[in-house]
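No value in this document is a laboratory result; all are computed from the given coordinates. Remember, predicted model here, so these are calculated numbers, not experimental data. Here the Cβ is made from the backbone with ideal geometry for all residues, glycine too, and neighbour counts use every protein chain on show.
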């Protein structure tokens, strides 16, 4: 069952400039909408599971970009600088809004993002049941084993991971376990007013908007999780935290960007994590339109 709630969609529409929101609401889409992209001096782009279209409402303006950024940051851009410099802001319902602008550099690192003129609303969705058939691939004797979910950007990792959390926490296809969710971008659980927007099951503890390596270490010390779940790993800090969690007896289920096993091995940070042997299973996702294909990778 695939869905994104009316509440989530209404939240997104409430951020859009009124004329663009009106055009979006009046448009007819043959397939589920996945992204709403706004670029200064260009028509708004709507991306669906099987293609894209441009809204016939005129170009997005710099004035609209400034107003949109202020709304996304609740009138305090400074308070969201840490997220912005990483290229996104997460709003209610687990919706990640990607941004592009002019980076301010210090010592070779981005310390601030200014003149933001491109926005990408990625519509978080829930596909209840999509992980149920692959639970045997990430469990042994009914218990989860450390597993890595791999796909290119937009390949379905987060949606699959979200349903895995539900299954693990609810005991669907496995024994019910305590789940620690390190939700660095706030999009897996989509917590609003303290409650997840998505079904994360009855045994899941959520920590949002903090570096995943730090949260993993915190979970191990204080929450005694049976399994820790996190999204988009890749750095040396992630590798160390995951290895430490495994040594302490917690399984780790994570995702990473790569389009093939070869690419996985060519990305230095990921290759380092995989080479430790902490992941017992690696699943590669390939997407064709709205269809998701899952292939085990030999270790």
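Rounded to the nearest 5, what is the percent of antiparallel bridges among the DSSP beta bridges in segment 209-299?
Around 65 percent of the beta bridges assigned by DSSP in segment 209-299 are antiparallel ones.
Is the C-alpha gyration tensor of segment 128-297 telling us rounded, prolate or oblate? Criteria: a/c under 1.5 is rounded; beyond that, a/b larger than b/c is prolate, otherwise oblate.
Since a/c stays below 1.5, the shape of segment 128-297 is classed as rounded.
For residue 63 and residue 214, calculate 0.36 nm times their separation in residues minus their Cα-Cα distance, and state this gained length in nm to one decimal.
Details: separation 151, 0.36 × 151 = 54.36 nm, distance 3.84 nm.
Length gained, residue 63 through residue 214: 50.5 nm.
Between residue 10 and residue 48, what length comes free when the chain is fully extended (0.36 nm per residue of separation minus the Cα-Cα distance, one decimal in nm)?
Extra length available between residue 10 and residue 48 comes to 11.9 nm.
How do the peptides 170-177, 22-29 rank, highest first, by the average count of neighbouring beta carbon atoms within 10 Å per residue?
Answer by packing, highest mean first, reads 170-177, 22-29.
Which FRET efficiency value, to the nearest 0.05, is calculated for residue 293 and residue 263 with the Förster distance at 22 angstrom and r the Cβ-Cβ distance? Walk me through the intermediate numbers first.
Details: r = 17 Å, r/R0 = 0.76.
Efficiency at R0 = 22 Å is approximately 0.85.
By how many degrees, 0 to 90 and rounded to 10, does the Cα axis of helix 212-222 deviate from the longest principal axis of the chain?
In the chain, helix 212-222 runs at an angle near 50 degrees to the longest axis.
Using helices alone, what [θ] at 222 nm do you get for the chain, with -39,500 (n - 2.57) per DSSP H run of 4 or more residues, divided over all residues and rounded to the nearest 500?
Counting only the DSSP helices, I get -8000 deg cm²/dmol.
Which distance in Å, rounded to a whole number, links the C-alpha centroids of segment 100-176 and segment 196-221?
Using only Cα atoms, the two centres lie 13 Å from each other.
For residue 192 paired with residue 56, estimate the spin-label separation in nm (one decimal), with each label point 7 Å from Cα along the Cα-to-Cβ line.
Output for this residue pair reads 3.2 nm.
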